[in-house]
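The values are calculated or read from the model by the stated rules, or taken from the named source; none is laboratory data. Here the structure is a predicted model, which is why all the values come from computation and not from measurement. Virtual Cβ from ideal backbone geometry, glycine too; neighbours counted across all protein chains shown. Remember, those area values only see protein heavy atoms, side chains included, never the ligands or the DNA or RNA. Shrake-Rupley method; radii C 1.70, N 1.55, O 1.52, S 1.80 Å.
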Amino acid sequence: GGGVGRYRASEARDVEAGTSGAGASVEAAGSSSGGGGQGGMGDLQDFFAEVGEIKQLQEKIRRSLHKLQETHSKSQMVQFNDQVAEMQQQMNDEIDEVLKTAREAKKRIALLEQANEKAKLKKGCGAGSSQERTRTAVTSSLQIKLKERMSEFQSLRAKFQQQHREELPRVLYSLTNEKPTEEQVERLIETGESKALYQKAVQQVQQGQLQNAETLTDIIERHDAIQEIERGLLELHQIFLDMAVLVEQQGEMLDNIESQVSKSVEHVHAGNVALRDAKALQKNTRKYMCCSLVMVLIVLFIILASVAKPWESGAA
């Protein structure tokens, strides 16, 4: 709900303000006793140090995406095949590096979650505590950011797929001397028959059966390079799907925390009301006791007075 949004927004600002520097490991965030029995600021300092390192990994991914987009745009304008091949190799290498970085970020976020679970065992840091809410919200923001970074690569993947879609008719025309319709091209892609088509083209080029073999060879080489790049992008897409699941789970956890906080507020309010009622009852009880005591004293006085009068009469 709205409370979850407030947690995420406030903790995201905390990350920006408090995660400079690096050093402490995730395990330290879960086992450090620097904050004493209450699990104080020592734990959170280690926690935010690790958050800062994960954010650096995510920034590295962002820079790599920008570099890939630039290289791909340049490759579209280059005419010489050797330059295109070089750029495609650069993109392949960059995607391999992104995969390593993304896996590292995903792994460290998972370790951060484990450290959060360990931290909840400390006194004052259990479910619903301010530290537990901070840890959960910040970890969730890291998961969301990594998911967003991975989703940004899908637009690049779509560009390569479009490039494949545009080159496929040329391959088909080289083999059949007929210009395919858009429906035929889509069907070849959807059914996976385009792969067999490229294999057939390779065979005919090798056998010298095609007149425009040189042009077709260039297309096939580019296609093979693009397929390699797409495999890397597909792995990044899998990381995106994994993070989407984690974000969904974390969102449910944040909703539960918000519910617990709301219930805690309600319990505190009910306790305050009960305390006020108890004080009022205690005050009234004292008042009744005082009144009762006064009435008892009056009755005793009357009894004593009634007993004293006959005594005085007899004496006289």
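Quick one: Phe153 ticks every box in (1) surrounded by 21 or more Cβ atoms within 10 Å (Cβ to Cβ); (2) out of contact with any His (no Cβ under 9 Å at 6 or more places or on another chain) except a single one, so which number is it? With respect to (1) surrounded by 21 or more Cβ atoms within 10 Å (Cβ to Cβ); (2) out of contact with any His (no Cβ under 9 Å at 6 or more places or on another chain), Phe153 is out only on (2).
Rundown of residues vs (1) over 30 Å from Ala127 (Cβ atoms); (2) assigned to a helix (DSSP H, G or I); (3) of a type in the set (Ser, Thr, Tyr); (4) at pLDDT 70 or above, yes/no style:
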{"site": "Glu266", "(1), (2), (3), (4)": "no, yes, no, no"}
{"site": "Leu275", "(1), (2), (3), (4)": "no, yes, no, yes"}
{"site": "Lys279", "(1), (2), (3), (4)": "yes, yes, no, yes"}
{"site": "Met289", "(1), (2), (3), (4)": "yes, yes, no, yes"}
{"site": "Met295", "(1), (2), (3), (4)": "yes, yes, no, yes"}
{"site": "Val299", "(1), (2), (3), (4)": "yes, yes, no, yes"}
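One residue alone among Glu53, Glu11, Glu59 is in a helix (DSSP H, G or I), modelled with pLDDT under 70 and not small (Gly, Ala, Ser), and that residue is Glu11. Evaluation of Met87 against the conditions (1) at pLDDT below 90; (2) closer than 19 Å to Val247 by Cβ; (3) of a type in the set (A, V, I, L, M, F, W, C) shows that the sole unmet condition is (2).
For region 43-74, enumerate the residues that are within 30 Å of Ala158 (Cα to Cα) and among the small types (Gly, Ala, Ser). Answer for region 43-74, where residues must be within 30 Å of Ala158 (Cα to Cα) and among the small types (Gly, Ala, Ser): Ser64, Ser73.
Could you check, for region 32-47, whether at least one of its residues is among the hydroxyl-bearing types (Ser, Thr, Tyr), open to solvent by less than 60 Å² (accessible area, probe 1.4 Å) and at pLDDT below 85? Taking every residue of region 32-47 in turn, at least one turns out to be among the hydroxyl-bearing types (Ser, Thr, Tyr), open to solvent by less than 60 Å² (accessible area, probe 1.4 Å) and at pLDDT below 85.
Scanning region 156-180 for residues that are over 42 Å from the mean Cα position of the chain (by Cα) and aliphatic (A, V, I, L, M), we see that the one that is surrounded by the fewest Cβ atoms within 10 Å (Cβ to Cβ) is Leu175. Just one of the numbered conditions (1) surrounded by fewer than 17 Cβ atoms within 10 Å (Cβ to Cβ); (2) at pLDDT below 90 is not true of Arg103: (2). Do we find that Ala127 is of a type in the set (A, V, I, L, M), under 21 Å from the mean Cα position of the chain (by Cα) and not in a helix (DSSP H, G or I) in this structure? The answer is yes for Ala127.
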